[in-house]
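Structure, as structure tokens:
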Amino acid sequence: STTAAPYYGRIGLSRALLLVSSSDPSASSSSDIPSILARIPYSWELISARGQSHLFRSASSRALQYRWTHCLQDRIRQCEENKLLQQAELIVADETVARTKR
């Protein structure tokens, strides 16, 4: 028996990949865009760091798709920047501890 994925849930955006369908019909036949995105209008795919694929579609227009994907791109970038800041903070803390032990 197969179990369905939960309808609602959180998707971690750290190290996520965002794929967006093109508005140009000639570009949708290229090999860099998955065929499922080329067939579904106003769609985008979010692939999590775990490799889970999540397919989304804007209900009404390319403009709405653009707003969603632009927001997701910003959030993915923020997650990466936060991760870098956390790593920098750990490095500084380690250096501080090393200096106090001298």
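Any read-out appearing in this document is the output of simple, stated calculations on the displayed coordinates, not a laboratory observation. Just so it is clear, the model here is predicted, and its values are computed rather than measured. Neighbour counts run over all protein chains shown; Cβ positions are idealised from the backbone, glycine included.
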Give me the net charge of PRO41's neighbourhood, meaning all other residues with Cβ under 12 Å from the Cβ of PRO41; Lys, Arg count +1, Asp, Glu -1. +3
Rounded to the nearest 0.05, what FRET efficiency do LEU84 and ALA59 give with R0 = 30 Å and r taken as the Cβ-Cβ distance? Could you check? 0.25
